[in-house]
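Structure first, commentary second.
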Amino acid sequence: MITIGHYFFLFLATYAFVGFLTPLLRQFAISKEILDHPNSDHKSHLNPIPYLGGVAIILGVVVITYVAIIFSNLSKNNFWLATSLIMPALAMGIIGLWDDIKNLHPFPRFIGQTISGIVVAILLIISNNFGNPTGSIMIDVFITVFWIVGICNSINFFDNLDGGAAGTTAVSSIAITYLAITNNQSLIGALSIVVAGACLGFLIWNRSPARIYMGDAGALFLGVLIATLTIRLKPDTETSIASFSTPVLLLAVPILDTSVAVISRFQRKVSPFQGGKDHLSHRLIRMGISRKTTALLLWILSCFFASLAIIINSSFPIHEYFIVIFATSIWIFLLILFLNSKGMH
């Protein structure tokens with residue numbers, strides 16, 4: 001049995017491990033010139049910033065998870081569950097690392113994301129671990145692949161502000177940990193708190209002004225992993241709408257950011273994969289808000305929606321409907337508000 005003390009230790013161990021490893025990888029990235037150069041209009045930094053922060057996140061999650069399994073209870077079930085969660089994310093992280101170094105075209109990334117989504121769907125079917133089954137395998141597979149590809153891109157898109165993606169993913173992971181613990185999904189809770197520790201350990205070096213970026217390696221790894229964790233999570237809800245809404249609420253802010261950027265780009269008749277200064281962070285900064293305050297506001301907004309996900313899991317059915325309607329109304333209001341704000345220069 002995993003105690004609260006164990007969860008706390010997992011968090012601290014990952015936090016310290018990633019916090020120590022990140023500056024070492026920063027120096028390595030500088031020596032090998034693995035840098036994000038400000039060579040396009042949508043990039044706001046003035047000087048080259050080293051990548052490979054994502055490698056620290058990946059190593060932190062992988063190493064701490066498997067060390068914990070070995071020293072606690074090396075059972076086939078625990079090893080299989082951890083591997084089925086981590087390996088698709090790790091494969092996507094490797095593609096992201098390749099992109100950081102070689103600057104790939106978006107299409108190979110999309111193919112990799114789709115394959116990762118299909119693999120996760122197959123693993124969920126084999127292990128009978130769909131968190132929100134629809135009753136149809138084909139629909140379950142389609143929703144799973146769509147969700148993983150969508151969230152993978154959302155986290156990657158959201159990584160456009162110092163500390164933005166890392167802080168928001170940490171918030172979502174902590175909320176998943178709480179829901180998993182209260183619903184007796186101890187291993188999901190353990191992996192989620194490890195992800196939170198990795199993100200916050202990296203955040204030491206990524207908060208404004210950032211000294212290192214997670215790059216596509218970190219963003220794509222976290223995207224697949226956090227998407228898979230929300231699918232594996234089995235909410236303690238009474239209604240189907242509340243069950244489906246829980247993962248959406250946990251990741252409402254990255255989804256909002258992607259929705260605003262993509263709709264804005266369609267309106268301007270440009271590719272949704274083209275970079276641009278049309279994300280939530282860019283719009284808030286153009287309102288005169290500082291970069292640090294912008295990151296804080298996005299973290300607070302993430303906390304708000306994550307809190308609704310937690311509340312909905314301890315409510316009566318009639319209250320679940322009310323909370324879903326309330327959350328949806330707030331989300332749509334924010335979507336319209338940001339779309340009507342300063343989209344581009």
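Rule-based calculations on the coordinates, nothing more; no lab input. Computed from a predicted model, the values in this text were never measured in an experiment. Methodologically, a virtual Cβ is constructed for each residue, glycine included, from the backbone with ideal geometry; neighbour enumeration extends over all protein chains shown.
With θ set to phi - 60°, apply the Karplus curve 6.51 cos²θ - 1.76 cosθ + 1.60 along the range 284-301 and write out the HN-Hα couplings as whole Hz, x wherever there is a Gly or Pro.
Computed from phi, the couplings for the range 284-301 are 5, 5, 5, 7, x, 7, 5, 4, 5, 5, 4, 4, 4, 4, 5, 5, 4, 4 Hz.
Under the definition of Cα pairs under 8 Å and six or more residues apart, what whole-number percent is the relative contact order of the range 4-339?
On the way: 508 pairs, mean separation 80.3, N = 336.
Once normalised by length, the contact order is 24 percent.
Within the chain, how many Lys pairs that are eight or more residues apart, or on different chains, come under 20 Å at the alpha-carbon?
Lysine pairs meeting both conditions in the chain amount to 10.
Between His6 and Leu337, what is the spin-label point distance in nm, taking each point 7 Å from the Cα along the Cα→C-beta axis?
The answer from the label model is 4.2 nm.
With all distinct Cα pairs included, what does the Kirkwood hydrodynamic radius of the chain come out to in Å, to one decimal, could you say?
On the way: mean 1/r = 0.0497 Å⁻¹.
For the chain, the Kirkwood estimate is 20.1 Å.
Any idea what the dipole of the chain comes to, in debye rounded to 20, about its Cα centre with Lys/Arg Cβ at +1 and Asp/Glu Cβ at -1? Each step should come with its number before you reach the end.
On the way: 19 positive and 14 negative charges, 136 e Å.
Dipole size: approximately 660 debye.
Which chymotrypsin sites (Phe, Trp or Tyr not before Pro) from the range 269-345 combine a DSSP loop assignment with at most 15 other Cβ atoms within 10 Å?
Values: sites: Phe273, Trp299, Phe304, Phe305, Tyr321, Phe322, Phe326, Trp331, Phe333, Phe338; in loops: Phe273.
Loop-located and lightly packed - Phe273.
Between Ile325 and Leu296, what length in nm is gained on full extension when 0.36 nm per residue of separation is reduced by their alpha carbon distance?
Values: separation 29, 0.36 × 29 = 10.44 nm, distance 2.58 nm.
Going from the current span to full extension adds 7.9 nm.
Could you tally the net charge around Ser208, taking each other residue with its Cβ under 14 Å from the Cβ of Ser208, Lys/Arg +1 and Asp/Glu -1? Show your work: numbers first, answer last.
Details: positive: Arg207, Arg211, Arg291, Lys292; negative: Asp159, Asp162.
For residues surrounding Ser208, the net value is +2.
Taking the Cα centre of the range 4-339 as the origin and placing charges on Cβ (Lys, Arg +1; Asp, Glu -1), which of Ile174, Met214, Leu85 is farthest toward the positive end of the dipole?
Going by the charge dipole, the pick is Met214.
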